[in-house]
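J.: Take a look at this one; I'll ask things after.
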Amino acid sequence: MQSKFGANRIAITEFILLGLVETPELWPVVFVVFLFAYLVIVGGNLSILAAVLVEPKLHTPMYFFLGNLSVLDVGCITVTVPSMLARLLSHKRTIPYGACFTQLFFFHLLVGVDCFLLTAMAYDRFLAICQPLTYNTQMSQTVQRILVAVSWALAFTNALSHTVAIATLNFCGPNVINHFYCDLPQLFQLSCSSAQLNELLLFAVGFIMAGTPLALIITSYAHVAAAVLRIRSAEGRKKAFSTCGSHLTMVGIFYGSGIFNYMRLGSAKLSDKDKGVGVFNTVINPMLNPIIYSLRNPDVQDALWRVLKGKVLRSGMSPTPFLFLN
């Protein structure tokens, strides 16, 4: 550590991440479990992405967004878990100051895009059920690309704002983070300068960047529910609700964990419960997404089977990057 604030105050150049468990005897167990989870999540999400690429039936707006969501899930767990596994292997629990803030930036970038994509998916369901005659026009390839591009731009702005703001705080000790990755609430507690403005920024930006999408999702599904209830066929209502149920489940999980983690700053001392929320955000959510959204779909299952067997459909269409494909 380098001197910066005088004899009794020194600048922090690295942080100590305590990880999920502090007992060294349990580290091998944690390593095996999270390595397995990482491989399953990366393999599962990339398989879903490959299935969408090779199956023409899945070249629809809904699966366009799901493919992007799979990429985000892989990115989110890659930002946090591999570095934790490396620390478990090396028995070195320190993370450099710059690396900590870099991890913070990319984590909030990916989670932010996830938030806006969930909103885009709700809008897609609203158009498909409430305005089916104009669906293809209002959810064209251009619209899909714009929605994804705007999601990345807004999430980038959000992540950069928080990273720059927290970089202005002074960290002069202690430097121990009771978590397995760097995040805002834990860093707020370690600052030896006032983090009140940072907390206000988090609340304000969170209200705009998360509250507005949530309001749009609720509004979309209020219209969807009203439209579905007007369907006379019980089978038709069941099918319509089933297409929305998976998305609503993930919205509830995503926002529930986010509110618990970020919207209660200053109300209670951070504890090991935050580690559980962190596991939920970085491991459980990416693991649930392919199962809830895709694996119950027969078309996805058929496409996955062809991918595993190496039999890619030859439909006369040349494969292109998924981000620009319906």
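The values are calculated or read from the model by the stated rules, or taken from the named source; none is laboratory data. Here the structure is a predicted model, which is why all the values come from computation and not from measurement. Quick reminder, even Gly has a Cβ in these numbers, built from the backbone with ideal geometry, and neighbours come from all protein chains shown. Surface accessibility is based on the protein's heavy atoms, side chains included, excluding ligands, DNA and RNA. Shrake-Rupley method; radii C 1.70, N 1.55, O 1.52, S 1.80 Å.
J.: Quick one: putting +1 on the C-beta of Lys and Arg, -1 on the C-beta of Asp and Glu, what dipole do you get for the range 15-308 around its Cα centre, in Debye to the nearest 20?
T.: Working: 17 positive and 13 negative charges, 106 e Å.
For this selection, approximately 500 debye.
J.: How high is the relative contact order of the range 30-143, in percent, with contacts defined as C-alpha pairs under 8 Å that are six or more residues apart? Don't skip to the answer; put the middle values down first.
T.: Values: 62 pairs, mean separation 32.3, N = 114.
Across the range 30-143, relative contact order equals 28 percent.
J.: How much of the accessible area of the range 72-190, in percent, comes from carbon and sulfur atoms when a 1.4 Å probe is used? Numbers along the way, then the final one.
T.: Values: 3100 of 4600 Å².
Of the solvent-accessible surface of the range 72-190, carbon and sulfur hold 67 percent.
J.: Sorting check: for 72-82, 152-162, which peptide has the highest mean count of neighbouring beta carbons within 10 Å, and how do the rest follow?
T.: Details: 72-82: 20.9, 152-162: 17.4.
Result, highest mean first: 72-82, 152-162.
J.: Still on this structure, please answer the following. Compute the distance from the alpha-carbon center of the range 102-173 to that of the range 40-71, in whole Å.
T.: Spelled out, the Cα-based centre of one part sits 18 Å from the other.
J.: Now for a different question. Taking K and R as +1 and D and E as -1, what net charge do the other residues with C-beta under 12 Å from the C-beta of Ala225 add up to? The partial results should precede the final answer.
T.: Values: positive: Arg125, Arg230, Arg237; negative: none.
Here the charged neighbours net out to +3.
J.: Quickly work out the Val40-to-Leu201 label distance, labels modelled 7 Å from Cα along the C-beta direction, and quote it in nm with one decimal.
T.: Between Leu201 and Val40, the label points sit 3.8 nm apart.
J.: Would you please give the residues with an amide H less than 5 Å from that of Ile177, counting only those at least 5 places away or on a separate chain, with H modeled from the backbone geometry?
T.: Ile16, Leu17, Leu18
J.: Okay, moving on. Can you tell me which of 97-108, 207-218 comes out highest on packing, and rank the rest after it, using the mean Cβ neighbours within 10 Å? Mind dumping the intermediate values first?
T.: Values: 97-108: 18.6, 207-218: 16.2.
Sorting 97-108, 207-218 by mean packing, highest first, produces 97-108, 207-218.
J.: Starting from 0.36 nm per residue, how many nanometres of slack lie between Gln131 and Lys92 once their C-alpha separation is accounted for? List each step's numbers first, then the result.
T.: On the way: separation 39, 0.36 × 39 = 14.04 nm, distance 5.60 nm.
Result for the pair: 8.4 nm of gain on full extension.
J.: Same structure again: So between Ser233 and Leu160, what do we pick up on full extension, going 0.36 nm a residue minus the alpha carbon distance? Could you put the intermediate results ahead of the total?
T.: On the way: separation 73, 0.36 × 73 = 26.28 nm, distance 4.91 nm.
Gain on extension, Ser233 to Leu160, equals 21.4 nm.
J.: Measuring with a 1.4 Å probe in the full set of protein chains, what accessible area per residue, in whole Å², belongs to the range 15-308?
T.: On the way: 13460 Å² over 294 residues.
Result: 46 Å² per residue.
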